[in-house]
Amino acid sequence: MAAAGKAAGRGPLAGVRVVELAGIGPGPFAAMLLADLGADVVRVDRPGGAGLNIDPAYDVTNRNKRSVLLDLKSPGGPAAVLGLAERADILIEGFRPGVAERLGVGPEDCFDRNPRLVYGRMTGWGQEGPLADRAGHDIAYIAITGALGMIGRPGEPPAVPANLLGDYAGGSLYLVIGVLAALQHARTAGEGQIVDAAIVDGTAHLTAMIHGMMAAGGWQDRRGANLLDGGCPFYGTYETADGGHMAVGALEQRFYEEFVRLLGIADEAPARKDAARWGELRAAVTARFKQRTREEWTAVFQDSDACVAPVLSLREAPAHPHLAARATFTEHGGITQPAPAPRFSATPGALRRPPAQPGADTAEVARDWDVPALTEES
């Protein structure tokens, strides 16, 4: 029981060692997720930095990690990384294709030292294809998959969903799924492998249901014309009297009936499936929401199954009663941030360390991982 209790405080990936070659965007976020779940993640930072243009103390994607500082272009840099790779279960890198190989830390270099290693490669375009060597960012990756073109109002340019859809949903999460699946294979079959996680592949995969609906004739290939893209008046956002917004998702009949009743338009609302009158319904819903503030409408709908919620800002979200009750957000090191997710009943993840400072843990990692070359390099 004592051993189980100790594991419960460390997360389900306790004992898994991960090397992260510093980059930006989806790679660090993927490594953060592994660290949140208990993995011992060592981030290899390079002189001059490779992260966000903010104080490293505030880069929460580097929480729960340790950092060593290595120059991969120096004589001892690659050898130190290979020393870490020899003792690791997973390595994550986000260079353009061929760069890791030129630096001497590519897959074959690492497999020579550790045949069971899972080598995770995070890129936008993938390791091959006409665009593989081109620069890019989230918005371009989701653009060519068709995902960006679905988002926004008809007759207007596509709306930009921050970098959540490509970098993190289509990139980081697929990398994590990939390296954990490959780790399972390595532990059962005794062989490592390369995981090629491309944002274009992951984002395209996210549209699977939509492609099925389109093939069946249930989705039009244009913005704002479908059930889930704002084309439907009972699935969208509406402005309130104070300039706030409410989100409506009353798709099913019973939810729709409760929605129009609480909104106060039940007597004038057309039948839910009467698409010919959706314009009329949208106008009625728009006018009604403009009659009260966001706070007032939140009170109207909060105890109902109408599937209506206030649209909150990032600063407002942590104070929402439901999120506060679940501790969805937490404060650590003076920074309010999302808590680790998902949740585990026996081995919960935790916030153990603040964002890693570049090079701050070199001596500690060298000792714990038994890689003297780290301190020799530094």
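The values are calculated or read from the model by the stated rules, or taken from the named source; none is laboratory data. Only a predicted model underlies this, so the values are computations on that prediction, with no experimental measurement involved. Heads up, the Cβs are rebuilt from the backbone with ideal geometry, glycines too, and the neighbour counts pull from every protein chain shown.
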Residues in the stretch 106-120 that are outside any helix (DSSP H, G or I), crowded, with 24+ Cβ neighbours inside 10 Å and not aliphatic (A, V, I, L, M) total 2
Unique residue being in a strand (DSSP E or B) and of a type in the set (A, V, I, L, M, F, W, C) when the list is A283, A247: A247
Check V300, V365 and return the single one that is modelled with pLDDT of 95 or more, assigned by TED's automatic domain parsing to the domain that holds R272 and among the aliphatic types (A, V, I, L, M). V300
Among the residues of the stretch 154-181, the number that are closer than 19 Å to D36 by Cα and crowded, with 17+ Cβ neighbours inside 10 Å is 12
I need a count of the residues in the stretch 353-377 that are part of a loop (DSSP other than H, G, I, E, B) and under 18 Å from E20 (Cα atoms). 12
Every listed condition ((1) more than 29 Å from G106 (Cβ to Cβ); (2) free of Cβ contacts under 8 Å to residues at least 12 places away in the same chain; (3) surrounded by fewer than 18 Cβ atoms within 10 Å (Cβ to Cβ)) holds for W219 save (3)
Restricting the search to the stretch 112-132, which residues are more than 24 Å from the chain's Cα centre (by Cα) and farther than 30 Å from R187 by Cβ? G129, P130
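Please tell me if A325 is in contact with a helix residue (DSSP H, G or I) (Cβ under 9 Å, 6 or more places away or on another chain) and either surrounded by 13 or more Cβ atoms within 10 Å (Cβ to Cβ) or not assigned by TED's automatic domain parsing to the domain that holds G11 (or both). Talk me through it step by step, then tell me what you get.
Values: in contact with a helix residue (DSSP H, G or I) (Cβ under 9 Å, 6 or more places away or on another chain): no; either surrounded by 13 or more Cβ atoms within 10 Å (Cβ to Cβ) or not assigned by TED's automatic domain parsing to the domain that holds G11 (or both): yes.
Against the criterion (in contact with a helix residue (DSSP H, G or I) (Cβ under 9 Å, 6 or more places away or on another chain) and either surrounded by 13 or more Cβ atoms within 10 Å (Cβ to Cβ) or not assigned by TED's automatic domain parsing to the domain that holds G11 (or both)), A325 does not qualify.
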Given the options A309, A241, name the one that is assigned to a strand (DSSP E or B), hydrophobic (A, V, I, L, M, F, W, C) and surrounded by 13 or more Cβ atoms within 10 Å (Cβ to Cβ). A309
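Taking only the stretch 129-155 into account, find how many residues are among the charged types (D, E, K, R), touching a residue at least 40 places away in the same chain (Cβ under 8 Å) and in a loop (DSSP other than H, G, I, E, B). Steps first, please.
Initial filter on the stretch 129-155 (among the charged types (D, E, K, R)): 133-134, 138, 153.
With touching a residue at least 40 places away in the same chain (Cβ under 8 Å) added as a condition, the list becomes 138, 153.
Subset that is in a loop (DSSP other than H, G, I, E, B): 153.
Result for the stretch 129-155: 1.
With β-branched (V, I, T), closer than 26 Å to S313 by Cα, over 17 Å from the mean Cα position of the chain (by Cα) and crowded, with 16+ Cβ neighbours inside 10 Å as the only criterion, which of I210, I151, I194 stands out? So that I can check it myself, show each step before the final result.
Working: I210 fails: closer than 26 Å to S313 by Cα; I194 fails: closer than 26 Å to S313 by Cα.
Every option except I151 fails the conditions.
Here's the yes/no breakdown for (1) crowded, with 16+ Cβ neighbours inside 10 Å; (2) within 25 Å of D59 (Cα to Cα); (3) touching a residue at least 12 places away in the same chain (Cβ under 8 Å):
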| site | (1), (2), (3) |
| --- | --- |
| K290 | no, no, yes |
| Q302 | no, no, no |
| H320 | yes, yes, no |
| I335 | no, yes, yes |
| A350 | yes, yes, yes |
| D361 | yes, yes, yes |
| D370 | no, no, yes |
| E376 | no, no, yes |
Which count do you get for residues in the stretch 246-272 that are under 35 Å from the mean Cα position of the chain (by Cα) and over 13 Å from S304 (Cβ atoms)? 5
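Which of the residues that make up the stretch 286-300 are in a helix (DSSP H, G or I), within 23 Å of H320 (Cβ to Cβ) and not β-branched (V, I, T)? Even if it seems obvious, please write down each step before you answer.
Restricting attention to the stretch 286-300, the residues satisfying the condition of being in a helix (DSSP H, G or I) are 286-289, 294-300.
With the extra rule that they be within 23 Å of H320 (Cβ to Cβ), the set shrinks to 289, 294-300.
Passing the criteria: F289, R294, E295, E296, W297, A299.
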